[in-house]
Amino acid sequence: MAGIEQAENARGSATALEPEQSAFAFVFRTLCWGAVRSLPIVLLAVAWEVFARSGAVTMFQLPPLSAVLERIWHDAIGGDLFINTGLTLYRAITGFLISMVAGVALGMLMSRSAIMRWFFDPIISVGFPMPKIAFLPIVVLWLGFYDVSKISMVVFDAIFPVVTATIAGIAGIERELIWSARNMGANNRELMWQIALPAALPQIMTGLQVALPIAMIVAVVAEMVMGGYGLGGAMMTEYRFANSRGVFAGIVEIAVVGYVLVKGMSLLRRRLLIWHPEASEPTTV
Amino acid sequence: MSGQPQIVIDKVCHTYRPPRGKPVLALDDVSLSVGTREFLALLGPSGCGKSTLLYLIGGFLPIERGTISVESKPVTAPGPDRGIVFQHFALFPWKTVRANIAYGLERQGMPREQREARVQSLIEMVGLRGFEDSFPSQLSGGMKQRAAIARTLAFDPSILLMDEPFGALDAQTRHLMQSELLSIWQRTPKTVIFVTHDVQEAVYLADRVAVMSARPGRIKTIVDTKFDKNDKNIFKTKQFVDQVDAIWDLVRDEAIKAQGGRES
Ligand SMILES: Nc1ncnc2c1ncn2[C@@H]1O[C@H](COP(=O)(O)OP(=O)(O)OP(=O)(O)O)[C@@H](O)[C@H]1O
Ligand SMILES: [Mg+2]
C-alpha cells in the first residue's frame with residue numbers, strides 16, 4: 001500500500017517539476033528529501049544516546065551510541081574492523097554468488113525437465129521452510145570450522161529463494177513471447193538463454209534480493225557459533241569478555257554492512273532492468 | 001503438389017482445457033483453403049476463435065482433431081515460413097525496438113551490416129524513426145503494434161498471419177499501414193491471413209473475406225471481395241458499400257449470438 005502511494009506521489013511531483021527549475025533547487029530538493037528519509041534513523045540514534053545517558057540503564061546494559069562509535073573508530077584505526085568486515089563479506093558474498101549461479105541453473109533445469117521437477121520439487125518444498133541453521137553441527141562435523149563450512153551454510157540457506165524465484169519467473173512468461181521467439185527460429189537453447197532468462201529476470205532479481213540478506217544473516221550466525229574472525233566471531237569474543245561496547249559495535253557494523261549490500265543490490269536491479277517500467281519509478285529501498 | 005492450395009485446413013477442432021474449469025470448445029470443424037499469394041480476411045465476433053485458428057496454422061498449439069497442411073506438408077511446429085503478428089504484440093520487453101526487429105534476422109544468420117540496413121529500412125517504413133533505441137515499455141500501443149509488424153516483416157515469411165495488426169492505430173496511421181501492407185503484398189509473393197474487426201478494411205484489403213460464427217467457431221460464409229486496391233475512390237462506389245453492408249449484417253448476427261441472443 002505504502003509503495004503504491006509513494007509511486008503515485010512521486011509521479012505527481014515529477015509532473016510538477018518545471019523544466020526551468022535551477023540545478024541548485026534540484027540539489028536542494030534532493031538533499032532535503034534525503035534528510036527527511038533518514039530522519040527516523042537519526043531520531044533512533046538520538047533516542048539511544050539520550051536513553052543510555054539518562055541513568056535508567058547502566059553502561060553495561062546499554063552503552064551510549066557515541067561510546068559505541070568511538071569503539072568502531074578505534075577498531076578501524078587498528079585495522080580489525082576491515083579484517084572482520086572483509087571476512088564476513090567474503091563468506092556472505094561467495095555463498096551468495098554460488099547460490100545465484102546454482103540456484104538459477106537448478107531453476108532453469110527444473111522448468112525444462114519434468115524429471116528434474118519430480119525429483120527436486122519435494123526437496124525444495126521441505127527444505128525451504130526448514131531452519132537450515134540446525135544443520136550447523138553436522139556441517140561442522142563434516143567440513144570443519146573453516147570457510148568451507150561457513151560458505152556451505154550460506155549456500156544451503158540462500159539458494160532456496162533463488163530456485164523458487166527462477167521457477168516462478170519462467171512459469172510466468174507469457175506464452176506468446178515464447179511463441180514469437182520460436183516463430184523466428186529460436187531453438188531450445190536459444191529459447192532458454194535469450195528469451196526465458198531475460199523474461200524471468202525481474203522475478204529472479206527479486207529472489208536474489210531476498211537471498212542476499214539471508215546470506216549475510218547466515219554468515220554472521222555461522223561465525224557467531226563457530227567463532228574466529230569475522231563480524232559474528234568478533235562479537236562473540238567481546239561477549240565472552242563481557243564487553244558490551246564491543247557487542248554493540250558489532251551490531252552497528254552488521255547493520256551498516258547489511259544496509260550497504262541491500263542498497264547496492266537494488267541499484268543493480270535498476271541498472272539491469274532498465275527496460276522494465278519499474279525502472280522509471282523512484283527507488284523504494 | 002501443384003493443384004493444391006498453399007494452406008489447407010481440414011475439419012479442425014480445438015478445445016482449450018484450462019487446469020480448472022470446464023473445457024472450452026473454441027473451434028469446431030473448421031475447413032478452409034487459402035491459395036498462394038491470396039489475401040484472406042477473417043472476421044467474426046470476439047471470442048469466436050480467430051486467434052486460436054492463427055495459432056494452429058502457426059504451429060504453436062497442437063492440432064488435436066483434423067489436419068492443417070502448408071505446401072502439402074502437415075503443420076507440426078512453428079517455423080519462419082509462417083510469420084505471425086500477435087494481437088498483443090508479444091515484443092521482447094528487454095530488447096530495444098531495433099533489437100526486437102533484428103532478432104529473426106540474427107536467428108537466420110544474416111550478416112551484421114545487411115541486417116542493420118534491413119532493420120533500419122523497416123523502422124522507417126513503419127514510421128518509428130527516432131525510437132530505435134526505445135524499449136517497448138516506452139512506446140504507445142500503436143507504436144508497439146508497428147514495431148511488432150516490422151519484426152515479423154523483417155524475416156520475410158512467405159505466409160503472414162496477422163491478428164488485428166492495425167487494431168491499436170488511429171485512422172490516419174491505419175491508412176498508411178494498410179497501403180504499406182498492400183504494396184509489400186503486391187511486390188513480394190506473400191499469402192496473408194488477416195484478422196480484423198473492421199469490415200471495411202477487410203473488404204478493401206482482402207481477395208476473400210471469411211466470416212466466422214460465434215463460439216464454437218466455424219466458417220460461416222466466404223465472400224469474394226476483389227476490388228481494385230489502387231483505386232483511391234473505391235470506398236465510395238456502390239458495389240463496395242453494398243458489399244460492406246452485406247458482410248456487416250453477417251457479422252452482426254453472429255455478434256448478437258455471441259452475446260447470448262441479446263439485441264444491443
Ligand atoms: N488459454 C485459454 N484457455 C482457455 N480458453 C481459452 C484460452 N484462449 C482462448 N480461450 C477461449 O477460446 C475462445 C476463442 O478464443 P480466441 O482468442 O481464439 O478468440 P478471438 O476470436 O481471437 O477473439 P478476439 O476477437 O476477442 O481476439 C474464447 O471464447 C476463449 O474463451
Ligand atoms: Mg483474438
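The values are calculated or read from the model by the stated rules, or taken from the named source; none is laboratory data. For clarity, every value in this text was computed on a predicted model and none was experimentally measured. No Cβ is skipped: glycine too gets one built from the backbone with ideal geometry, and neighbour counts run over all protein chains shown. Heads up: the accessible areas ignore ligands, DNA and RNA and are worked out on the full protein's heavy atoms, side chains in. Shrake-Rupley method; radii C 1.70, N 1.55, O 1.52, S 1.80 Å.
Using a 10 angstrom cutoff on alpha carbons, build the Gaussian network for chain B and name the most mobile of B:E164, B:E38, B:E124.
With Cα springs under 10 Å in chain B, the top fluctuation among B:E164, B:E38, B:E124 is at B:E124.
Hey, can you list the residues from segment B:129-170 whose accessible area shrinks by 40 Å² or more with all protein chains present, relative to the chain by itself (probe 1.4 Å, no ligands or nucleic acids)?
B:F135, B:S137
Going toward the positive end of the dipole of segment A:66-272, with +1 on Lys and Arg Cβ and -1 on Asp and Glu Cβ, which of A:I254, A:L212, A:P202 do you reach last?
Comparing the listed Cα positions along the dipole, A:P202 ranks first.
If you take each beta carbon of peptide A:167-180 and count the beta carbons of other chains within 10 angstrom, what is the mean?
The per-residue average across the peptide is 4.
So if I place +1 on the C-beta of Lys and Arg and -1 on the C-beta of Asp and Glu, and nothing else carries charge, what would the dipole magnitude of chain B be about its Cα centre? I want it in debye, nearest 20.
Computed charge dipole of chain B: roughly 520 debye.
Assign unit charges at the C-beta atoms only (+1 for Lys and Arg, -1 for Asp and Glu), then state the dipole size of the protein assembly as shown relative to its Cα centre in Debye, rounded to the nearest 20.
The calculated dipole for the protein assembly as shown is roughly 680 debye.
Which residues of segment B:54-68 bury at least 40 Å² of accessible area once all protein chains are present, versus their chain alone (1.4 Å probe)?
B:Y55, B:F60
What is the average number of partner chain Cβ atoms found within 10 Å of a Cβ in B:89-101? Walk me through the numbers on the way to the answer.
Details: counts 3, 9, 3, 8, 10, 12, 4, 1, 0, 0, 0, 2, 0.
Going residue by residue through B:89-101 and averaging, the value is 4.
Top mean-square fluctuation among B:Q114, B:Q87, B:Q200, Gaussian network model of chain B, C-alpha springs under 10 Å?
In this elastic network of chain B, the residue with the biggest mean-square fluctuation among B:Q114, B:Q87, B:Q200 is B:Q114.
Below 15 angstrom from the Cβ of B:H88, what's the summed charge of the other residues (Lys, Arg +1; Asp, Glu -1)?
Working: positive: A:R175, B:K50, B:K144, B:R146, B:R151; negative: A:E174, A:E176, B:D163, B:E164.
Residues close to B:H88 contribute a combined charge of +1.
I want to verify a result. In a Gaussian network model of chain B, Cα cutoff 10 Å, which of these has the top mean-square fluctuation: B:T152, B:T188, B:T173?
Its mean-square fluctuation being the largest, the pick is B:T188.
Which order do the peptides A:177-190, A:217-230, B:228-241 come out in when sorted by mean C-beta neighbours inside 10 angstrom, highest first? Can you show the working numbers first?
Details: A:177-190: 19.1, A:217-230: 21.1, B:228-241: 11.9.
Descending mean neighbour count gives A:217-230, A:177-190, B:228-241.
Skip the ligands, DNA and RNA, and give the accessible area per residue of the protein assembly as shown with a 1.4 Å probe, whole Å². Could you put the intermediate results ahead of the total?
Working: 28360 Å² over 549 residues.
Per residue, the protein assembly as shown has 52 Å² of solvent-accessible surface.
With all protein chains present, how much of the accessible area of the protein assembly as shown (probe radius 1.4 Å) comes from carbon and sulfur, to the nearest whole percent? Spell out each step's value before the answer.
On the way: 17880 of 28360 Å².
Here carbon and sulfur together make up 63 percent of the probe-accessible area.
With +1 assigned to the C-beta of every Lys and Arg and -1 to the C-beta of every Asp and Glu, and no other charges, what is the dipole magnitude of chain A about the Cα centre in debye, to the nearest 20?
The calculation lands at about 420 debye.
Could you tell me the total accessible area buried at the A-B interface, probe 1.4 Å, in square angstrom to the nearest hundred?
For A against B, buried area totals roughly 2000 Å².
Starting from the amide H of B:I84, placed 1.01 Å from N in the peptide plane, find each other amide H under 5 Å away whose residue is 5 or more places distant or on another chain.
Placed amide hydrogens put B:L161 under 5 Å from B:I84.
Between rounded, prolate and oblate, where does chain A land on the alpha carbon gyration tensor, with a ≥ b ≥ c its root eigenvalues, rounded for a/c under 1.5, else prolate if a/b exceeds b/c?
Taking the square roots of the gyration eigenvalues as a ≥ b ≥ c, chain A is oblate.
If r is the Cβ-Cβ distance from B:D253 to A:R175 and R0 is 35 Å, what FRET efficiency results, to the nearest 0.05? Could you put the intermediate results ahead of the total?
On the way: r = 32 Å, r/R0 = 0.92.
It comes out at approximately 0.60.
Between the helical axis of B:97-107 and the dominant principal axis of chain B, each derived from Cα atoms, what acute angle in degrees is found, rounded to the nearest 10?
Approximately 80 degrees, to the nearest ten.
So what is the relative contact order for chain B, in percent, with contacts set as C-alpha pairs under 8 Å and at least six apart?
25 percent
What nm value, rounded to one decimal, do you get for the distance between A:A242 and A:A279 when each label is placed 7 Å out toward the C-beta?
5.8 nm
Going by the alpha-carbon gyration tensor, a ≥ b ≥ c the square roots of its eigenvalues, is segment A:21-79 rounded (a/c under 1.5) or, if a/c is not under 1.5, prolate (a/b greater than b/c) versus oblate?
Note, shape of segment A:21-79 comes out oblate.
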